[in-house]
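Worksheet: the structure to be examined is printed underneath.
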Ligand code: PMP
């Protein structure tokens with residue numbers, strides 16, 4: 001297996017030319033918050049799979065739910081007038097869990113990109129049902145990430161995820177993200193920057209014409225763009241602007257739902273009720289590919305009031321509401337509540353954030369430390385603090401490999417080191433992550 005690594009299998013983020021010299025690590029086992037590679041080397045998974053393994057890797061209750069469901073009903077469609085008990089139970093549980101967000105109905109998907117696509121489609125359907133078919137455009141944040149499908153790629157705010165696939169969905173426009181370290185306004189004060197970004201949203205709406213816009217989609221804390229928490233005033237301002245202009249607000253909570261931010265959702269963290277929440281990832285903690293789009297009051301009323309028989313109810317596909325995924329999600333949600341992972345995320349997140357700031361005081365190459373809301377944090381690495389020139393791949397690789405050798409798996413994304421460990425992390429795990437990072441930066445000399 002090691003010899004054939006990366007020969008026949010094109011792996012994302014691994015350039016084929018690089019794969020021989022720098023082969024992907026082959027992960028063969030996982031338990032708790034740790035993963036093990038083919039050489040038997042064990043590391044704390046500071047990436048939490050890919051932001052999703054909140055409960056860790058060896059939750060017996062989830063495993064039992066999956067095998068039990070495989071035994072009773074491994075699959076049946078929820079598309080043609082049939083459904084399954086796990087999907088029904090989960091829908092009730094999700095609406096209950098996200099009552100504070102105003103969630104009333106659920107559409108199931110197979111992952112985050114599918115959830116985003118579903119939300120964009122539902123936004124257009126909603127406006128059509130209300131007799132406003134001209135509301136087709138989507139607004140989003142630069143640096144936002146919304147998945148790999150064409151709709152998601154179109155609202156992605158990072159050119160890297162868009163330009164190779166153009167032409168994309170027409171009518172998608174991006175406004176500056178509330179990213180204090182680098183922004184077009186040169187504004188470092190988070191509250192003032194939030195206001196400038198909100199104003200940019202107002203300006204774009206005025207420029208496009210409010211009556212042409214279907215929805216604004218945002219991550220309550222931007223994740224893949226480098227963990228960018230907006231000022232607490234930002235999302236409430238966005239909500240108010242959307243309301244005033246008849247625009248739907250889609251919260252892409254694929255990362256932020258289920259406790260990662262230290263609150264049960266990113267929307268709850270900022271005190272906002274979105275019209276839709278895109279969820280996936282931790283809904284099944286990586287145990288099964290699954291997702292859900294959660295629908296608030298405003299859209300529920302319109303969809304349920306539709307008598308054409310051709311409305312949202314026609315939306316769905318082969319694997320939406322998959323019984324094994326739904327059964328896994330039902331138990332994941334119970335375990336999530338039982339372990340109160342949001343509280344642990346808040347406590348451990350604060351320790352991690354403080355520790356990262358201490359590292360930044362020690363290592364010149366750490367240009368910016370972001371986080372402070374649960375267990376999602378990032379270090380932006382620079383070649384030079386004064387010019388803020390981003391660190392190159394070689395520097396990032398040194399930190400990554402050194403930390404890996406010291407027992408911690410990191411995620412490197414451009415000049416950012418992104419930390420999103422399982423939420424069941426212990427204080428000792430946090431200390432171990434920090435000391436591996438310390439070793440990684442020390443290796444830069
Ligand atoms: N939205 C957000 C905010 C995400 O972080 C991601 C994945 N990182 C997606 C959508 C896409 O999810 P998936 O990879 O499950 O398709």
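For the range 209-221, a residue qualifies if it is away from the ligand (no atom under 16 Å from the Cβ) and outside any strand (DSSP E or B), and the qualifying residues are 209, 210, 211, 212. Of the residues screened, residue 76 is one that is at pLDDT 95 or above, in contact with a helix residue (DSSP H, G or I) (Cβ under 8 Å, 6 or more places away or on another chain), more than 16 Å from the ligand (Cβ to nearest atom) and farther than 28 Å from residue 377 by Cβ. Per the listing 257, 224, 263, the residue uniquely farther than 18 Å from residue 146 by Cβ and in a loop (DSSP other than H, G, I, E, B) is 263. Of the residues making up the range 35-45, just one is closer than 17 Å to residue 344 by Cβ and away from the ligand (no atom under 16 Å from the Cβ), namely 44.
Tallying residues that are over 20 Å from residue 239 (Cβ atoms) and more than 16 Å from the ligand (Cβ to nearest atom) within the range 107-152 yields 8.
One residue stands out in the range 153-172 among those that are surrounded by 17 or more Cβ atoms within 10 Å (Cβ to Cβ) and outside any loop (DSSP other than H, G, I, E, B): the one that is farthest from the ligand (Cβ to nearest atom), namely 172.
Summed over the range 350-390, residues that are over 19 Å from residue 46 (Cα atoms) and free of Cβ contacts under 8 Å to residues at least 60 places away in the same chain total 10.
Would you mention how many residues in the range 296-347 are modelled with pLDDT of 95 or more, part of a loop (DSSP other than H, G, I, E, B) and in contact with a helix residue (DSSP H, G or I) (Cβ under 7 Å, 6 or more places away or on another chain)? Total satisfying the criteria: 1. The number of residues in the range 78-87 that are in a helix (DSSP H, G or I) and under 13 Å from residue 320 (Cα atoms) comes to 2.
Does residue 205 fit the bill of being touching a residue at least 24 places away in the same chain (Cβ under 8 Å), touching a strand residue (DSSP E or B) at 6+ places or on another chain (Cβ under 8 Å) and part of a helix (DSSP H, G or I)? Here the answer is yes, as residue 205 does meet what is asked.
For every residue, the table says whether it meets (1) surrounded by 14 or more Cβ atoms within 10 Å (Cβ to Cβ); (2) outside any helix (DSSP H, G or I); (3) over 25 Å from the mean Cα position of the chain (by Cα).
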| residue | (1), (2), (3) |
| --- | --- |
| 30 | yes, yes, no |
| 49 | yes, no, no |
| 57 | yes, yes, no |
| 67 | no, no, yes |
| 76 | yes, yes, yes |
| 89 | yes, no, no |
| 107 | yes, yes, no |
| 116 | yes, no, no |
| 121 | yes, no, no |
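Within the option set 275, 252, being in contact with a strand residue (DSSP E or B) (Cβ under 9 Å, 6 or more places away or on another chain), more than 14 Å from the ligand (Cβ to nearest atom) and touching a residue at least 60 places away in the same chain (Cβ under 8 Å) holds for one residue only, 275. Each residue in the range 360-389 was checked for being in contact with a strand residue (DSSP E or B) (Cβ under 6 Å, 6 or more places away or on another chain) and assigned to a helix (DSSP H, G or I), and 1 pass. Among the residues of the range 181-200, write down those that are under 16 Å from residue 144 (Cα atoms) and either touching a strand residue (DSSP E or B) at 6+ places or on another chain (Cβ under 8 Å) or not in a loop (DSSP other than H, G, I, E, B) (or both). 181, 194, 197, 198, 200 - these are the residues of the range 181-200 that are under 16 Å from residue 144 (Cα atoms) and either touching a strand residue (DSSP E or B) at 6+ places or on another chain (Cβ under 8 Å) or not in a loop (DSSP other than H, G, I, E, B) (or both).
The values are calculated or read from the model by the stated rules, or taken from the named source; none is laboratory data. In this text the structure is predicted, and so the values were computed from the model without any measurement. Positions of Cβ are generated from backbone atoms using ideal geometry, with glycine treated the same way; all protein chains shown enter the neighbour counts.
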